Amino acid sequence: MLLGVLKERYPNEKRVALVPADVERLKKKGHEVLVEKGAGERAGFPDEEYERAGAEVTSREEVLKRSELIVSVRNLSADRENFLKEAKAYEGKTLIGFLDPFGVRDLLPKVKELRITAFAVELVPRTTKAQSVDALSSQATVAGYKAVLIGADLLPKMFPMLMTAAGTVLPANVFVIGAGVAGLQAIATAKRLGAVVYAYDIRPAVKEQVESLGAKFVSLGLETEEAEDKGGYAKAMDEEFYKRQRELMKDQVSKSDLVICTAVVPGKKAPLLITEDMVRGMKRGSVIVDLAAERGGNCELTEPGKVVERYGVKIVGALNLPSEVPYDASLMYSKNMLNFLNLILKDGRISTEDDIAKETLLFREGELVSERIKEFLEVG
Ligand code: NAD
């Protein structure tokens with residue numbers, strides 16, 4: 001199979017989809033890998049390393065012309081503008097990457113016309129068997145880690161408690177809202193830095209995981225089994241629920257030095273959990289890092305892509321944090337891709353027989369086949 005790796009074009013995207021060590025592994029399996037010049041440069045993987053690994057480093061045009069299967073970090077809706085610019089070049093090809101399957105509605109005719117086959121890593125099932133290909137999780141881990149570092153950097157105080165000859169420094173209070181993959185990594189990172197960490201999630205199953213990391217679970221009395229769907233994701237609740245949640249969280253938010261927001265519901269706008277009034281009630285110098293910014297934000301004052309200061313509180317509208325740790329984020333993503341390719345490449349052809357591949361398949365030769373996305377878009 002002729003595999004292609006492009007230099008990501010999405011603004012500020014520094015990751016690369018396959019790193020040289022995994023290119024070498026694919027070569028050993030008999031595949032050819034074409035890599036666009038400079039594809040790994042920003043992540044710390046120079047062209048020479050790809051060449052040493054056996055890849056052919058060439059122009060974007062060549063990669064697009066010759067590859068049968070293109071492995072990307074972002075493609076289709078996740079990089080809509082660039083996809084549309086060079087759409088014709090994707091004709092008849094197979095794509096793997098973050099494709100933002102919930103956002104493909106307007107691309108359906110184009111994908112059909114071009115007979116594109118596409119696997120969206122967002123659709124990888126959350127099962128034990130699928131863990132090694134779960135790029136949403138590997139990248140959320142990086143985001144959770146980086147969110148804490150950004151918060152720690154902006155705070156005018158330290159995280160750990162210090163008892164020194166110059167007096168006692170009290171530890172920082174960190175509150176993590178949403179304890180999925182990113183939230184749990186944020187908790188672990190903040191704990192390692194010495195903060196006192198609190199966390200909340202509407203899924204009650206999470207309490208034990210939060211406590212196992214040494215954080216305190218904030219019980220609001222709202223957590224309910226009904227908030228979790230069968231895939232393990234949170235369900236969207238009604239506005240009355242969120243209103244109640246905001247009221248009950250207000251006190252915890254006001255006591256926190258750093259609030260990390262990660263609460264999202266797949267395919268929906270992020271719930272509004274911190275109002276302007278709640279920000280006004282926070283201590284001066286406090287920080288909010290809103291990882292839900294990409295989906296509208298959990299905080300009313302979040303401006304995606306910006307750091308704003310309101311009422312003495314810095315609010316970080318964090319976008320694409322995994323790209324800010326591009327070396328390790330790429331290593332992890334690439335390993336996910338390698339494992340996925342090993343699942344689907346059989347005797348030089350693409351097989352969708354494996355359950356994981358079946359669920360991840362978004363388009364087959366231009367036809368939308370993902371039941372989950374068809375249901376979401378309400379298309380037959
Ligand atoms: P996510 O990114 O979709 O959401 C982040 C967190 O926000 C979730 O924990 C969610 O419950 C929470 N949330 C949503 N609305 C909220 C609200 N109003 N208030 C507070 N919190 C709210 O979640 P994720 O990180 O993708 O994880 C989703 C689930 O999948 C988790 O149960 C996770 O453990 C599970 N998971 C399983 C596997 C696996 O088995 N292979 C892999 C990854 C994740």
Non-local residues with an amide H under 5 Å from the amide H of Val33, with H modelled 1.01 Å from N and Pro and chain starts lacking one, are Leu3, Glu56
With Cα coordinates, the longest principal axis of the chain makes an angle with the long axis of helix 135-154, in degrees rounded to 10, of 40
Low-density loop GluC sites (Glu not before Pro), segment 279-380, at most 11 other Cβ within 10 Å, DSSP non-H/G/I/E/B, are Glu353, Glu378
For segment 27-34, in residue order, the Karplus 3J(HN,Hα) values (coefficients 6.51, -1.76, 1.60; θ = phi - 60°; whole Hz; Gly and Pro = x) are 4, 4, 7, x, 8, 9, 10, 9
To the nearest 20 debye, the chain has a Cα-centred charge dipole, built from +1 on Lys and Arg Cβ and -1 on Asp and Glu Cβ, of 520
Mean separation of Cα contacts under 8 Å (at least 6 apart) over the residue count of the chain, i.e. the relative contact order in percent, is 18
Averaged per residue, the 1.4 Å probe accessible area of segment 135-256, protein heavy atoms only, in Å², is roughly 48
Going residue by residue through segment 330-343, the Karplus relation 6.51 cos²θ - 1.76 cosθ + 1.60 with θ = phi - 60° gives ³J(HN,Hα) values, rounded to whole Hz and with x marking Gly or Pro, of 5, 4, 6, 4, 4, 5, 4, 5, 4, 5, 5, 4, 4, 6
The answer for Ile288, listing residues at least 5 apart or on another chain whose modeled amide H is closer than 5 Å to its amide H, is Val259, Lys314, Ile315, Val316
Karplus-derived 3J(HN,Hα) from phi for segment 37-46 (6.51 cos²θ - 1.76 cosθ + 1.60, θ = phi - 60°), whole Hz, x at Gly and Pro, runs 3, x, 4, x, 3, 6, 9, x, 10, x
If amide H atoms are modeled at 1.01 Å from N in the peptide plane, then the residues at a separation of 5 or more from Val176, or on another chain, having amide H under 5 Å from its own are Tyr198, Ala199, Tyr200, Ile260
Largest-first ranking of Ser212, Ser138 by accessible area, probe 1.4 Å, whole protein assembly kept, is Ser212, Ser138
Here the alpha-carbon Rg of the chain over 2.2 N^0.38 Å rounds to 1.04
Quick note, segment 140-220: a/c under 1.5 would make it rounded; otherwise a/b > b/c is prolate and the rest oblate (a ≥ b ≥ c, C-alpha gyration tensor); here it is prolate
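The values are calculated or read from the model by the stated rules, or taken from the named source; none is laboratory data. This is a predicted model, so every value here is computed, not measured. Note: ideal-geometry Cβ built from the backbone for every residue, glycine included; neighbour counts use all protein chains shown. Keep in mind that these areas ignore ligands, DNA and RNA; they rest on the heavy atoms of the full protein, side chains included. Shrake-Rupley method; radii C 1.70, N 1.55, O 1.52, S 1.80 Å.
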